[in-house]
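Report on one structure; see the data block that follows.
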Amino acid sequence: MFKTGKTVQILFVVLFLLTMLASVTSGDTPDPKQPIKTVNFQAAEIRSVIRFLADYGQVNVVVAPTVAGNVTISLSEVTWQNALEIIGRTYDLAIVYEDSAGYIRILPSTDYRKEMTEERRYTVEQKKLADLDTRIIRINNSTAASIVDAVQSLLSERGKATADPRTNSIIMQEIPENMERVLEFVTTLDQPPRQIRISAQLLEVSSRELFELGIDWTMNGATGSTLSDGDAETNHTTTQSLERVGGAAAGSFWIKTVKDDWNLEARVSALVSEGKVRIIAHPEITTIDNSEARIQMGQKVPIKQFDQSGNTIITFEEVGTLLKVTPHITSENRILMHLLPERSTYEYDPNGVIISTSNAETNVVVMNGQTAVIGGLTTQDEVESEVGIPILKDIPFLGSLFKYVKKEVQNRDLVIFVTPTIVDDFAAADLDRP
């Protein structure tokens, strides 16, 4: 009786395997890379289905003891791997590929999540117990304080970074497994900054002579046609002026860029020799990428104020011409300049001092060595000239009968030329030499 029951059980297993193999139409030795034409199981034991897919894929599979139940699926033209993952998602099983060990683990998803949580908790506890690694990193091309702020986000809970201004170094304490990543980040940040030389030329020119510079400030952006060495381009920006301390605004700013072959020095020299242009200043300043360069010329005007107790306080307000330039080198080696020009004047009033200011804020992109022009700052000067009959007007006492004083209002424009140039390594070395 026992033998008969054993024989029936063996026959049942053989028939079950033959039934599963019959559903695969890929031949006697199936290719695991080829899709299974039909996978059809009705209330089949899940461990047997997994074993069938593992045999077809010729892979090692380890099934957790807690995996149990029946499977009902009907699939066609799927790979063994896709079928296994479909069963895992449908019956809440985790399919874990242990590639380093060369097998696949299958267990309930809840058990796998608990396993991962315990593993992370163990990793955190080990990090808390690990000794901290201490390094002193010398910063060569920046300030240690500026890099410390950026490094903080990469440190672990136990990590700490402190800047030492005296040696311009960073004292780093971090767990060993995270130290190399932080050091690599610091090295990436501590790169030599690129430098830009800002050359500015401030000219005062009569409005009637402004066109001779080769730049037409009309709204349509048309360029002059009298220059043989290239005219200004049509890039055009207008910004309405603002007031800072009372009084009427001094005017509006106009900003354009000029062509690379436009000869600024030759044109200015010719007008200066003719007395049509006055050079106010020609400063040059070198700054690093994304850092502001400030050029200012003028004077400090005393302003009388009163505090809450009625005491007189004298403060000084800077009046004159101010130009702030923040350059940025783009990936195309062009230069984006953030420009803030300002011009202010003052006059005395019975109530105090009135300071009138016009300023603007704009961005302009130029090529390396190309010039941007800021204009439109117009001031009015009242000029008195003596007009009369030659010789007779110079006769003592009687000369006044043959002459008169002519008053004329002249408009004069302040024109600022800004030329940024990227300083390469060789030029930077020349700047460092005494």
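The values are calculated or read from the model by the stated rules, or taken from the named source; none is laboratory data. On a predicted model such as this, the values are computed, not experimentally measured, just so you know. Here Cβ is always computed from backbone atoms with ideal geometry, including for glycine, and neighbour counts include all displayed protein chains. In case anyone asks, the SASA skips ligands and DNA or RNA and just uses the protein heavy atoms, side chains included. Shrake-Rupley method; radii C 1.70, N 1.55, O 1.52, S 1.80 Å.
In whole angstrom, note down how far apart the Cα centers of region 294-341 and region 148-177 are. Going from one Cα centre to the other spans 36 Å. Sequence-ordered 3J(HN,Hα) estimates for region 80-91 from the Karplus curve with 6.51, -1.76 and 1.60 and θ = phi - 60° stand at 4, 5, 5, 5, 5, 5, 5, 5, x, 5, 6, 10 Hz, glycine and proline given as x.
Normalised by the number of residues in region 300-356, the mean separation of alpha-carbon contacts (under 8 Å, six or more apart) gives a relative contact order of 27 percent.
Here the extension length gained between A150 and T345 equals 65.9 nm, from 0.36 nm per residue of separation less the Cα-Cα distance.
Distant-in-sequence amide contacts of E45, defined by a placed amide H-H separation under 5 Å and a gap of 5 or more residues or a different chain, comprise V71. Applying the Karplus relation 6.51 cos²θ - 1.76 cosθ + 1.60 with θ = phi - 60° to region 316-321 yields 3J(HN,Hα) values of 10, 9, 6, 10, x, 10 Hz, where x marks Gly and Pro. At the residue level, M172 shows approximately 0 square angstrom of accessible surface with a 1.4 angstrom probe and all protein chains present.
Looking at this model, which pairs from K276/K300; K300/K393; K37/K114; K276/K324 are more than 32 angstrom apart at the alpha-carbon?
K300/K393; K37/K114
For a paramagnetic label modelled at 7 Å from the Cα of V124 toward its Cβ, which residues of region 180-203 fall within the zone defined by backbone nitrogen distances under 19 Å? The answer is none, because no backbone nitrogen lies closer than 19 Å to the label point.
Full extension of the chain between T117 and E204 yields a length gain of 23.9 nm, computed as 0.36 nm times the residue separation minus the alpha carbon distance. Once backbone amide H atoms are built at 1.01 Å from N, V423 has Q195, I196, R197 as its partners under 5 Å, excluding neighbours fewer than 5 places away on the same chain. Computed from backbone phi with θ = phi - 60° and the Karplus coefficients 6.51, -1.76 and 1.60, the 3J(HN,Hα) list for region 104-116 is 10, 9, 10, 8, x, 4, 4, 5, 5, 5, 5, 4, 5 Hz; x is used for glycine and proline. For the set K276, K256, the ranking by accessible area, highest first and with no ligand, DNA or RNA atoms included, is K276, K256 under a 1.4 Å probe. Amide H contacts under 5 Å for T38: T25, E77, restricted to partners 5 or more places along the chain or on a different chain, H placed in the peptide plane at 1.01 Å from N. Carbon-plus-sulfur accessible fraction, region 116-210 (probe radius 1.4 Å, protein heavy atoms only): 50%.
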